[in-house]
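The values are calculated or read from the model by the stated rules, or taken from the named source; none is laboratory data. Given the structure is predicted, the values throughout are model-derived calculations rather than measurements. Here the Cβ is made from the backbone with ideal geometry for all residues, glycine too, and neighbour counts use every protein chain on show. Just the protein is used for accessible areas: all its heavy atoms, side chains included, with ligands, DNA and RNA removed. Shrake-Rupley method; radii C 1.70, N 1.55, O 1.52, S 1.80 Å.
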Amino acid sequence: MKFDFPKKIRSGYLAAFILLLLCYFLSLSSFIQLRTQNKWVGHTREVINKLAILNSNLKDAEINWNEFLLKKQKNYLQVYKESRELVDSVIQVLSKSVSDNPEEKSRAESMHDIIVRRYNILDEELGILNRNNFQINDSIRTRELQNNNLIDSIGQVSDSIRVNENRLLNLRTQRVIYYSKIVFWIIIGAGLISGLLIIYSLVTFNIESQAKKKATIQAESYHDQLEKRVRELASANRELLELRSLERFTSMGRVARVIAHEIRNPLTNIDLSASHLENDNLDREDKKLFLDIIARNSRRINELINELLSATKFTDLQYEEIRVDVLLDESLNEAFDRAQLNRVRIEKNYSKERIWLNVDRSRMKIALLNIIVNAMEAITGENGHLTVETSGTGEYCIIIIRDNGKGMDEETMAKVFDPYFTSKTNGNGLGMTNSQNIILNHKGKIDVSSEEGKGTAFIITLNILRKETGQSV
């Protein structure tokens, strides 16, 4: 089984990153909640402390007032007034502290009203005492009774606020503990994820290292094999070059033998005629005869040389625009008589597009005619069939000339374009060489495919000038 380690590694790190990011947001959210709950806990404790201070100041004021009534000393009255001022400031702070809680705010306002009423009663008592020379009468006693009732009411309201604030303190303390535990476990989870990530990193690093080591060993093995193949290829290339040199030498030898054979006969005639011309006893007619022989054979040698040169050299072309189907039809028309004599049926499979070429019309017809005539001469029997196909592939026009003749073996197919190579008794071996030269001169190419007993196909590739839609005619 093949594992895609980089993909798995990326997936693992991505999962770990997402988990750590989730832990971060959970920690942040829990920390904010924890901070909020701590703030509320502190607020509740502040309310309870203010309430305790208020009760303490109220108690101090009550004690000093009672001492003032019993001992009639004004120094107790001064302490009472100071305690009263502290009570006023504390009750204002307390009312502000519970302003966020409507129920507590209502209780604080109620307690404030009761305290104000109590201090009003005490002020009335003080006024009566001043008028009666600090003598306690029934009016003072009645107001003291009212004062005691108000003190009980203040204690009840204060106890109610304290109980509610203690309840809130317990609730908020529990929330602080809850969010503290959440933060604790999130930190533990983040630590575990970090630990697992470290382990995962070590494991993947180890796997990658082993895979890299294995890949390096395999690459070195491939490198050694490649060097071996390069050496083998270089050796095979040298052998191929030697073989090609041998084939070229053989081909040149064959060409040289053919040329020597073709030129030797006219040279012999020239040599013999020259020998006869050395005879001073020859009459005028004999001299003219031998001179004609020399001239005729010289022309023959010149023709042989010109044929060889025109078959192998690049020449200047007279380009013109022509459709490929028209060019093939003209070439086939010139071979029409040969087709009838050999009883060859010609089938045309032209492209549905009108394909235009830019070629030397006359020379390209020579190249095509050589191929067509060779194909017809290769056909034996009464069921001769020659197929000419065209097609447009991208920027190239493909021409296929196919016959059902005797075909060629591998050796003949490799030499079919060599100068002076022929399998015919009356051929000069320059036709296919000339065809190849003309096609190459047009920056095209020609290939051959053949099988003995089944026929031969010549594939010609030329550059397309332009294409038009419509059926070729």
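For the residues ILE136, ILE161, ILE177, the requirement of being outside any helix (DSSP H, G or I), aliphatic (A, V, I, L, M) and either buried (at least 17 other Cβ atoms within 10 Å of the Cβ) or out of contact with any His (no Cβ under 6 Å at 6 or more places or on another chain) (or both) singles out ILE136. Checking ASN370, ASN404, ASN441 one by one, the residue that is under 14 Å from ALA339 (Cβ atoms) and at pLDDT 80 or above is ASN404 and no other.
Here is a check on your reading of the model: is MET364 more than 24 Å from GLU321 (Cβ to Cβ) and hydrophobic (A, V, I, L, M, F, W, C)? For MET364, the condition - more than 24 Å from GLU321 (Cβ to Cβ) and hydrophobic (A, V, I, L, M, F, W, C) - is not met. Taking the conditions (1) touching a residue at least 12 places away in the same chain (Cβ under 8 Å); (2) more than 14 Å from THR461 (Cβ to Cβ) in turn, ILE400 satisfies each one other than (2).
For region 41-72, the set of residues classified as within 17 Å of ILE140 (Cβ to Cβ) and basic (Lys, Arg) consists of LYS71, LYS72, listed by residue number. Number of residues in region 371-388 that are touching a residue at least 12 places away in the same chain (Cβ under 8 Å) and open to solvent by 50 Å² or more (accessible area, probe 1.4 Å): the value is 4. If the condition is being of a type in the set (Asp, Glu), closer than 17 Å to ASN370 by Cβ and surrounded by 14 or more Cβ atoms within 10 Å (Cβ to Cβ), then region 330-355 contributes GLU330, GLU334. Close contacts from region 337-361, counting a first residue that is in contact (Cβ under 8 Å) with a residue 40 or more places away in the chain and among the acidic types (Asp, Glu) and a second that is open to solvent by 40 Å² or more (accessible area, probe 1.4 Å) and not in a loop (DSSP other than H, G, I, E, B), with Cβ to Cβ under 7 Å and a gap of 6+ residues or different chains, come to GLU347/HIS385; GLU353/LYS467; GLU353/GLU468; ASP360/TYR319.
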